[in-house]
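Here the structure is laid out as structure tokens; the discussion comes afterwards.
What follows is calculated from the coordinates using simple rules that are stated; it is not laboratory data. What you see is a predicted model; the values in this text were computed from it and never measured. Cβ placement follows ideal geometry from the backbone for every residue including glycine, while neighbour counts extend to all protein chains displayed.
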Amino acid sequence: MRLLHTFMLLILLALSSAAQAGIEVRDFDNPEQREVYDKLMYELRCLVCQNENLAASNADLAKDLRDEVYEMLTQKKLSEAEIKKFLVDRYGDFVLYKPPVKKSTALLWAGPFILLLLGFVILFFVLRHNRRQPKVKLDNNKHDEIKKLLESEDK
Amino acid sequence: MIRYLPLGGFVILLALLYFGLGNDPRNIPSPLVGKPVPVFSLPELYDPAKKVGSETMKGKVWMLSVWASWCVSCRAEHAVVSQFVKDTQLDVMGLNYKDESPDAKAWLSQFGNPYSLVAVDADGLVGIDSGVYGVPESYLVDKKGIIRHKFTGPINQKIVDDTLKPLVQTLRGETAS
């Protein structure tokens, strides 16, 4: 039992350190710098594990990129836009989680609205189609006939 | 007619998804193609006092090959790259990315050394500057020092025959100035 407890404790310890490995302890000159750093960590993509941002990723490259961004921010005093440009120049737009609006991404940005519009067009035609269906006019004889049929069903 | 619309939409979706399967998510178009190769100057693996870099290869067609002894796919492409270098007599500079020099040397003596020079990028900074995100990566550079092609991942025979060899021919035919 004791052994089991030790074992479980070890596992928990291992997990907690893994969870922390993503973010290093950083010192900043001012709070604004920290804000920019944190923002960039969430907006930049790790290119190795492509569905993680730099903040979440444990990959070696992500750590290097975090160091690089930190250095650019605190040593070279680059602005947020300059850092983004530096990385986009090397890794392409893919490094940004939120792709910029430009010619090659136009379909990506406009796509949902085009689909929505398409949906409305289809809806319009479906509704018009249904309205054009001739309404069946019933005279009294037919009414009685239907009533009879329905009642016979009940029995 | 209108009742077939959902079916049509479904078929289009299916086709899109099917083509999506064939795409390699690692194959990100590099913005560096068409741009000058990043300027760097690093110690040489066998002669650390000597600095080698983009200047060393100026004026000729060459390839920058990013590799490491810890990288399994580098081992996979090694034989193909070696044969390619032998066939074309291409100058290839190895960029030993985030590696230990003794390991790198052992690796080269075990598998053979196709590189004319090996630059040691121990902390991976030149790697970041060159947009490296998955070793192995290969950059084909023309006589003016412009990156003309980038390949991410292990090079195979098909890529050598279809892309690299014809491109080396073309680049060699160009003038340096």
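Here are a few things to note about the model shown:
- Each of A:Leu116, B:Thr152, B:Ala68 was placed along the dipole of the protein assembly as shown (beta-carbon charges, centred on the mean Cα), and the one lying farthest toward the positive end is A:Leu116.
- Among A:Ile11, A:Asn53, A:Phe28 - extreme Cα towards positive end, dipole of chain A, charges at beta-carbon: A:Asn53
- Dipole magnitude (debye, nearest 20) for chain B, charges at Cβ of Lys, Arg, Asp, Glu: 500 debye
- Taking 7 Å steps out from each Cα toward its Cβ at B:Lys158 and B:Val33 produces label points 1.7 nm apart.
- Helix runs (DSSP H) in chain A reaching 15 Å along axis by Cα, Kyte-Doolittle at least 0.0: A:2-20, A:106-132
- Formal net charge of residues neighbouring B:Lys158 (Cβ-Cβ distance under 13 Å; K, R +1; D, E -1): -2
- Counted by neighbouring Cβ atoms within 10 Å, the residues A:Arg34, B:Arg3, A:Arg90 run from fewest to most as B:Arg3, A:Arg34, A:Arg90.
- Sorted by Cβ density within 10 Å, fewest first, the residues A:His129, A:His5: A:His5, A:His129
- Straightening the chain between B:Leu5 and B:Ile146 buys 45.8 nm, computed as 0.36 nm per residue apart minus the Cα-Cα spacing.
- For the stretch A:2-100, the Cβ-based charge dipole about the Cα centre amounts to some 280 debye (Lys, Arg positive; Asp, Glu negative; other atoms uncharged).
- Per-residue Cβ neighbour rank within 10 angstrom, fewest leading, B:Ser82, B:Ser30, B:Ser41: B:Ser41, B:Ser82, B:Ser30
- For the protein assembly as shown, the cysteines with no partner cysteine C-beta closer than 4.7 Å are A:Cys46, A:Cys49.
- For chain B, calculated [θ]222 nm from helices alone, where every DSSP H run of n ≥ 4 adds -39500 (n - 2.57): -10500 deg cm²/dmol
- Among the listed pairs B:Lys60/B:Lys105; B:Lys51/B:Lys105; A:Lys39/A:Lys77; B:Lys51/B:Lys98; A:Lys39/A:Lys84; A:Lys63/A:Lys84, a Cα-Cα separation exceeding 20 Å is found for B:Lys60/B:Lys105.
- Report note on the peptides B:7-18, B:86-97, A:75-86: ranked by the mean count of other C-beta atoms within 10 Å, highest first, their order is B:86-97, A:75-86, B:7-18.
- For the protein assembly as shown, the dipole from Cβ point charges (+1 on Lys and Arg, -1 on Asp and Glu) about the Cα centre works out to 1520 debye, to the nearest 20.
- Each peptide in A:52-58, A:107-113 gets a packing score, the mean of other Cβ atoms within 10 Å over its residues, and the list from highest to lowest is A:52-58, A:107-113.
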